[in-house]
Amino acid sequence: MDRFYPLIMSPGIQRDGTNFSGNGYIDGRWCRFKAVGDKTAVPRKMGGYSQMLDNLATIPRSLYITPNGANFDFYVGSNNSLIRYKFNAQRNFLDAVDRTPLSFVPSDIGVWQVEVMYSALDESAIVIAHNASNLLDINNQLNSNIYVGELDEDDRLTSVNNVAVSGGFAILHPYLFLFGNNGEILWSEPGKPETFDANSFNRISGQKIVHGESCAANPYNPGASGLFWGLSGLYKATFVGEPAQFRFDTVDNQCSILASRSVVSYNGLFYWIANDRFMMTDGNTTKEIVNTYNFDFFFDNLNYSQRQKIWGTKVTKYGEIWWFFPKGNSEKCNYAIIYNVRLNCWYDTSISRSCGFLDPTFVNPVWCSDTQIWQHEDGYDQNVDGTKTAIDSYFTTGNLAWCAIAPDKQWKGIERLVEVNRIEPDFIQSGDITLKINAREYARSEQVVIAEETFNENSTRIDLRSQGREITMEMRSNVVGGFYELGNTLLDITIGDVRPGEGGE
């Protein structure tokens, strides 16, 4: 008698362990997971991306987006320049202006940081920029200038007198904080980011401070508190008023940071990659993010010599934190692991992007590759000046076997083949999807394809009559306009024949 089973597995892609050790999805590309109704989360093809600009002169290492009137300013930093590209609200390119400081010395190991803050001196928004020589060494000790310029001007940025740091800066409105070697940290006068008092200085660690973030407000001065990551500790600055102005506390003196750009702020929490684990903080305590999906996959495949090229961002629409990293022998970021904070699961995909930014007013994530600026989550294809090409997206289920975990997720231990009679697809779908059923005799046997069919939006069933001892299913969309979101697809699966050479049950 035929029996139907729903195609439901745990969300995420299980890279660690063996393909036969779990009951989740074991492979995928350009596939995310989304909770739907009261069911478990289902696989869904990620959004496409459209080219906003091409022919960048050098590889962009930083991107900052800020609204400016009715338009948006994109500050793109590379080894030899800091260029402002202007786009209108319809995402059309308007112009480009070179805002590279005349005193700046190009460097192949420099990484730009850019933000905007209000200056009471100029009574306007100003651009703050710094180029740290740490692309290949998080502990590089070389100090470099802080640059400023008005947001509405096209002039080149100019350096702030008598201040230079190796780490970077953080804006804790109305203060500009600078940090660097030997735990040094200094802050500007309130509302005056170009004015630094000799008394506004502290050392909060014996090691370099490499990253800073503004965090939750406090009763004394809303917004004037922040977190600072050292090489082996996390510290918090809290505004307390005169005469000390700020109090510095150690949040955790036993935590590290793998890359200075790996910190991602999400809903008031901060996530980052340490040297040997994944971490988060609420500003008061730290906590390890347990990763049983791709922990070994990430740390075993990271090109550690290029660790400082790791960068993190978020796709808030789907509750995701992305970390881009150089995989294998690559010297550029060619892969990403993704933590879904809503579902508490992990997945990954191949992708080459060197930097990016998500501005809440711009909505779409913007990421850069070697020579292009791309707007992501736009359609389902790669779009270059209206010419669309397909983005290959697929997912592969975990193993189904009567001799082990059966389709009902229960251990059976029956020595019989799995017979797949029919699949009744239930998808939100556009374009063809290719189904492959793979089988192997033992966990270490070579995998073979025992059935392959293509179905479209109008397909009501797929008749197969295929058998294998241990089977997996791959669903792939690789056509222009292609999209899928798995629904309650039904599998007509029964106990099949006795495996050749064996007895009965």
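The values are calculated or read from the model by the stated rules, or taken from the named source; none is laboratory data. The shown structure was predicted, so the numbers you read here are calculated from the model rather than taken from an experiment. Reconstructed Cβ throughout: ideal geometry from the backbone, glycine too, with neighbour counts over all protein chains shown. Please note that ligands, DNA and RNA were not included when accessible areas were found on the heavy atoms of the full protein model with its side chains. Shrake-Rupley method; radii C 1.70, N 1.55, O 1.52, S 1.80 Å.
Gain on full extension, evaluated as 0.36 nm per residue between Ala70 and Asp385 minus their Cα-Cα distance, stands at 111.1 nm.
When DSSP beta bridges are restricted to pairs lying wholly in the chain, around 95% turn out antiparallel.
When the solvent-accessible area of segment 1-64 is split by element, carbon and sulfur atoms take up 49 percent of it, the probe being 1.4 Å. When each of the peptides 384-394, 166-176, 465-475 is scored by how many other beta carbons lie within 10 Å of its residues on average, the order from highest to lowest is 166-176, 465-475, 384-394.
Computed over the alpha-carbon atoms, segment 336-376 gives an Rg to Rh ratio of 1.03, Rh here being the Kirkwood radius from the mean inverse distance. Each residue of segment 359-364 was assigned a 3J(HN,Hα) from its phi angle through the Karplus expression (A = 6.51, B = -1.76, C = 1.60, θ = phi - 60°), giving 9, x, 7, 8, 6, 6 Hz with x at Gly and Pro.
Given a Förster distance of 35 Å, report the FRET efficiency between Thr371 and Thr454 from their Cβ-Cβ distance, rounded to the nearest 0.05. Taking R0 as 35 Å, the efficiency between Thr371 and Thr454 is 0.50.
Mean projected area of the Cα convex hull of segment 143-190, taken over all directions, amounts to 3.8 nm².
Other residues whose C-beta falls under 15 angstrom from the C-beta of Thr58 contribute a net charge of -2, scoring Lys and Arg +1 and Asp and Glu -1. Given the DSSP H assignment, sum -39500 (n - 2.57) over each helix run of at least 4 residues in the chain and divide by its residue total; what's the result at 222 nm in deg cm²/dmol, nearest 500? Theoretical 222 nm ellipticity from helices: -500 deg cm²/dmol.
First check a/c for segment 82-227, with a ≥ b ≥ c the square roots of the eigenvalues of its C-alpha gyration tensor; if it is under 1.5, answer rounded, and if not, answer prolate when a/b is larger than b/c or oblate otherwise. Cα axes put segment 82-227 in the oblate bin. Computed 3J(HN,Hα) for segment 411-423, one whole-Hz value per residue from the Karplus formula 6.51 cos²θ - 1.76 cosθ + 1.60 where θ = phi - 60°, is 6, 10, x, 9, 7, 9, 6, 8, 10, 9, 8, 7, 10, glycine and proline marked x.
Take the solvent-accessible surface of the protein heavy atoms, probe 1.4 Å, and return the percent of it on segment 191-310 that carbon and sulfur atoms account for. It is 45 percent, rounded to a whole number.
Calculation over all alpha carbon pairs of segment 220-321 in 10 angstrom steps from 0 returns a P(r) of 14, 42, 31, 10, 3 percent. Here segment 1-61 is described by how far its Cα atoms reach on the three principal axes: 64, 30, 22 Å, from widest to narrowest. Computed with a 1.4 Å probe over protein heavy atoms only, the accessible surface of the chain comes to 41 Å² per residue.
Separation of segment 309-341 and segment 68-88, taken as the distance between their Cα centroids, equals 23 angstrom.
Pairs of alpha carbons in segment 327-468 separated by more than 24 Å make up 55% of all such pairs. Accessible area per residue was computed with a 1.4 Å probe on protein heavy atoms; Trp322 scores about 0 Å². A cut-off under 13 angstrom between Cβ atoms defines the neighbours of Phe357, and their net charge, with Lys, Arg +1 and Asp, Glu -1, is +1. Summing Lys and Arg as +1 and Asp and Glu as -1 over all other residues whose Cβ lies under 14 Å from the Cβ of Ala129 gives a net charge of -3.
Using only Cα coordinates, the Kirkwood hydrodynamic radius of the chain works out to 25.0 Å.
Toward the positive end of the charge dipole of segment 185-279, with +1 on the Cβ of Lys and Arg and -1 on the Cβ of Asp and Glu, the farthest Cα among Thr195, Leu269, Ala244 is that of Leu269.
For the pairs Lys236/Lys314; Lys332/Lys436; Lys208/Lys236, flag any whose C-alpha to C-alpha distance is greater than 25 Å. Violating the 25 Å limit, Cα to Cα: Lys332/Lys436.
From largest to smallest, the equivalent ellipsoid semi-axes obtained for segment 274-327 from the alpha-carbon gyration tensor read 20, 15, 12 Å.
Each residue of segment 314-331 is assigned a 3J(HN,Hα), and the resulting list reads 9, 10, 5, 4, 10, x, 10, 10, 10, 10, 8, 8, x, 9, x, 9, 5, 9 Hz, derived from the Karplus form 6.51 cos²θ - 1.76 cosθ + 1.60 (θ = phi - 60°), x at Gly and Pro.
Measuring how big segment 387-505 is from its alpha-carbon positions, Rg and Dmax come out at 15.5, 58 Å.
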